[in-house]
Amino acid sequence: MMEPMARWEPDARGRLVAAALELYAQRGYEETTVAEIAARAGLTERTFFRHFADKREVLFAGAGELQQELVRALESAPVSLSAFDAVANAVQSIAKGFEERREFARRRQRVIAENAELQERERIKLASLATALAGALRERGIADPAAALAGEIGIAVFRVAFERWLDEKNRRDFARVIRDSFDDVKALANATAAPSRS
């Protein structure tokens, strides 16, 4: 006897993410269950676990793709660029993918800001991005500590720029905020390097 065909579930992943964010905002992350997320999305718990390991990972589903995109952008940067400029270009290159999801990003960050476990998971994600950038720089022939420092600085700038971009008062696009943030780092480094006038 033939097994029944699996039911086609259009954009199940997207529906689960949207349902989870709604419930986290309404009831809180801790109080929301996987069963409730699946039910809100009109799907089964089994479908949920085909897409996510647990309810936390709903908020970090794109981390792997983001890392790959950053590394690809860094690998394709002109070899003439310094480590700092190559990282700046790579970070700026991912901005476009965020632009149409600003409101989603704001809602996601509000959920993370209210939960220590999620904040720790976000820090782990950012640390992984910095490590990946440093590794790609080493592949370009940049030795440590320069490779590690450039990777860490790049992700620190990304994090600060992301927070600035999400600010309700901000009207600039993400690429511009990232560019301005890297310029701020350069200006700070130049000011620090300037001789004192004592």
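Where a Cα-Cα gap under 20 Å defines reach, which aspartates and glutamates qualify for residue 169, not counting those fewer than 8 residues away within the same chain?
Excluding near neighbours in sequence, the set is 99, 100, 103, 180, 184.
Report the full-extension gain for the segment residue 25 to residue 75: residue separation times 0.36 nm, less the Cα-Cα distance, to one decimal in nm.
Difference between extended and current length: 14.2 nm.
Roughly how many debye, to the nearest 20, is the charge dipole of the range 34-153 about its Cα centre, given +1 on each Lys and Arg Cβ, -1 on each Asp and Glu Cβ, and no other charges?
Details: 18 positive and 18 negative charges, 73 e Å.
The calculation lands at about 360 debye.
Can you give the FRET efficiency for residue 168 and residue 53, using 1/(1 + (r/R0)^6), R0 = 30 Å, r = Cβ-Cβ distance, to the nearest 0.05? Let's see the in-between values first.
Numbers: r = 33 Å, r/R0 = 1.09.
For R0 = 30 Å, the calculated efficiency reads 0.40.
Relative to the compact-globule scaling 2.2 N^0.38 Å, provide the ratio for the alpha-carbon radius of gyration of the chain.
On the way: Rg = 20.1 Å, N = 198, 2.2 N^0.38 = 16.4 Å.
So the chain has a normalised radius of gyration of 1.23.
Can you tell me which aspartates and glutamates have their Cα less than 13 Å from the Cα of residue 125? Leave out same-chain residues fewer than eight positions away.
Of all the aspartates and glutamates, those that pass the test against residue 125 - Cα under 13 Å, at least 8 places apart if same chain - are 57, 65, 117, 152.
By count of other Cβ within 10 Å, fewest leading, how are 158, 60 ordered?
Details: 158 27, 60 18.
Listing 158, 60 from fewest to most nearby Cβ atoms yields 60, 158.
Just to confirm the number: angle between the C-alpha axis of helix 63-75 and the first principal axis of the chain, 0 to 90 degrees, nearest 10?
30
Most exposed first by the Cβ proxy, i.e. fewest other Cβ within 10 Å, how do 169, 96 rank?
On the way: 169 5, 96 11.
The order, fewest Cβ neighbours first, is 169, 96.
What residues qualify as long-range amide H neighbours of residue 172, i.e. H under 5 Å apart, gap of 5 or more or another chain, H built at 1.01 Å from N?
Amide H neighbours of residue 172: none.
For the range 12-58, with the dipole built from +1 on Lys and Arg beta-carbon atoms and -1 on Asp and Glu ones, taken about the Cα centre, which of 19, 42, 29 lies farthest toward the positive end?
The listed residue farthest towards the positive side: 42.
Work out the FRET efficiency for residue 46 and residue 144 from their Cβ-Cβ distance, taking R0 = 30 Å, and round it to the nearest 0.05.
On the way: r = 45 Å, r/R0 = 1.52.
Taking R0 as 30 Å, the efficiency between residue 46 and residue 144 is 0.10.
Test of understanding: in a Gaussian network model of the chain with alpha carbons linked when under 10 Å, which of 71, 34, 17 would top the mean-square fluctuation ranking?
In the Gaussian network model the winner is 34.
Net charge near residue 161: determine it from the other residues with C-beta under 12 Å of the C-beta of residue 161, scoring Lys and Arg +1 and Asp and Glu -1. The partial results should precede the final answer.
Working: positive: 159, 164, 172, 176, 179; negative: 163, 167, 173, 180, 183, 184.
Result for the neighbourhood of residue 161: -1.
Quick one: net charge around residue 106, please, counting Lys, Arg +1 and Asp, Glu -1 for every other residue with C-beta under 10 Å from its C-beta.
Values: positive: 101, 102, 107, 108, 110; negative: 103, 167, 168.
Neighbourhood net charge equals +2.
Where a ≥ b ≥ c are the square roots of the eigenvalues of the C-alpha gyration tensor, would you call the range 42-112 rounded, which needs a/c under 1.5, or, failing that, prolate if a/b is larger than b/c, or oblate?
Numbers: a/c = 3.39, a/b = 2.15, b/c = 1.58.
Judged from the Cα gyration tensor, the range 42-112 comes out prolate (a/c at least 1.5, a/b above b/c).
Once all Cα-Cα distances of the range 12-58 are split into 10 Å bins that start at 0, what whole-number percent is in each one?
33, 62, 6
To the nearest 20 debye, what charge dipole does the range 12-58 have about its Cα centre, counting +1 at the Cβ of each Lys and Arg and -1 at the Cβ of each Asp and Glu?
On the way: 8 positive and 7 negative charges, 47 e Å.
Dipole magnitude for the range 12-58 comes out near 220 debye.
Once the Cα atoms of helix 146-166 and of the chain are each reduced to a long axis, what angle between those two axes, in degrees from 0 to 90 to the nearest 10, is obtained?
60
For the chain, with the dipole built from +1 on Lys and Arg beta-carbon atoms and -1 on Asp and Glu ones, taken about the Cα centre, which of 97, 131, 60 lies farthest toward the positive end?
97
For the Cα atoms of the chain, what angle does the longest principal axis make with the long axis of helix 116-139, in degrees from 0 to 90, nearest 10?
50
Would you mind counting up the charge near residue 40? Only other residues with Cβ under 11 Å from its Cβ, with Lys and Arg at +1 and Asp and Glu at -1. Let's see the in-between values first.
Details: positive: 15, 27; negative: 22, 36.
Here the charged neighbours net out to 0.
Each value in this text was obtained by applying a stated rule to the coordinates, not by laboratory testing. Please read all numbers here as calculations on a predicted model, not as lab measurements. A quick note on method: Cβ atoms are made from the backbone with ideal geometry, for glycine too, and the neighbour counts reach across all protein chains shown.
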